[in-house]
Amino acid sequence: MKIVGIYLAAGSSRRMGPGMHKLCLPMKGTSLGNLALNTALASNLSEVIVITNFSSWILEGGQKERIHLLSCQNASLGQSYSLRQGIEKAESLQADGAMVMLADQPFITVETLNTIIREFQQCPELQYVAAAYQDIPRPPVLFSSNIFPVLKKLKGDQGARFIFSDPSFRGKVLPYDNARLFYDVDTWEDYHAASR
């Protein structure tokens, strides 16, 4: 099965203040934006679709042949536009599934991604496999190609959360008890805490 990643990195970092893009901030010897991207590239994902309008945070290095870099001019209108663009690219790559990841979640692990992929491969009838913390599904989430048409209809900042509570969609939620895995960096306080 061909599983690709959709790496959502087109946010404007408004909460960090003017002129500052959080994905460029240094962390663990690289940039914040590169941490989860490197994790994705080290996982069993076939390729990674990076949706970003500001790519200077992506450091030069290997595996560039597995990255598809796309710009989303409508990203400021809501995350659904970035997601839709990633889904359309996944379709063009004839992917069986796509794992949606957030660029500002630096502590996602290769093991987490591979566990989600393995669960999906073992149960191909599933339409999604989601990680969850405190019973709340959250990225990373792997969606089957048969649910791509639903995702392409999302508008504005509408996420895919409704899918998890709709019994007509077949899915599996994998519980995790480690809050650190899902930590996201939105503010300077978040960044300093993550750096520590």
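Below, the figures for the structure above:
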{"item": "Matching residues, the range 19-53, being free of Cβ contacts under 8 Å to residues at least 40 places away in the same chain and either aromatic (Phe, Trp, Tyr) or over 16 Å from TYR191 (Cβ atoms) (or both)", "result": "ASN38, LEU41"}
{"item": "Top-ranked residue in the range 72-102 [being without any contact (Cβ under 8 Å) to a residue 60 or more places away in the chain and of a type in the set (S, T, N, Q); ranked as most open to solvent (accessible area, probe 1.4 Å)]", "result": "GLN73"}
{"item": "Of all residues in the range 159-173 being outside any loop (DSSP other than H, G, I, E, B), at pLDDT 85 or above and over 17 Å from the mean Cα position of the chain (by Cα), the one that is nearest to PHE148 (Cα to Cα)", "result": "GLY171"}
{"item": "Positions within the range 91-102 being under 11 Å from ILE49 (Cα atoms), in contact with a helix residue (DSSP H, G or I) (Cβ under 7 Å, 6 or more places away or on another chain) and not β-branched (Val, Ile, Thr), in sequence order", "result": "ALA98, MET99, MET101"}
{"item": "Residues of the range 116-158 classified as under 16 Å from the mean Cα position of the chain (by Cα) and surrounded by fewer than 12 Cβ atoms within 10 Å (Cβ to Cβ), total", "result": "1"}
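The values are calculated or read from the model by the stated rules, or taken from the named source; none is laboratory data. Quick caveat: nothing in here was measured; it's all calculated off a predicted structure. Positions of Cβ are generated from backbone atoms using ideal geometry, with glycine treated the same way; all protein chains shown enter the neighbour counts. Side chains included, ligands, DNA and RNA excluded: accessible areas come from the protein's heavy atoms. Shrake-Rupley method; radii C 1.70, N 1.55, O 1.52, S 1.80 Å.
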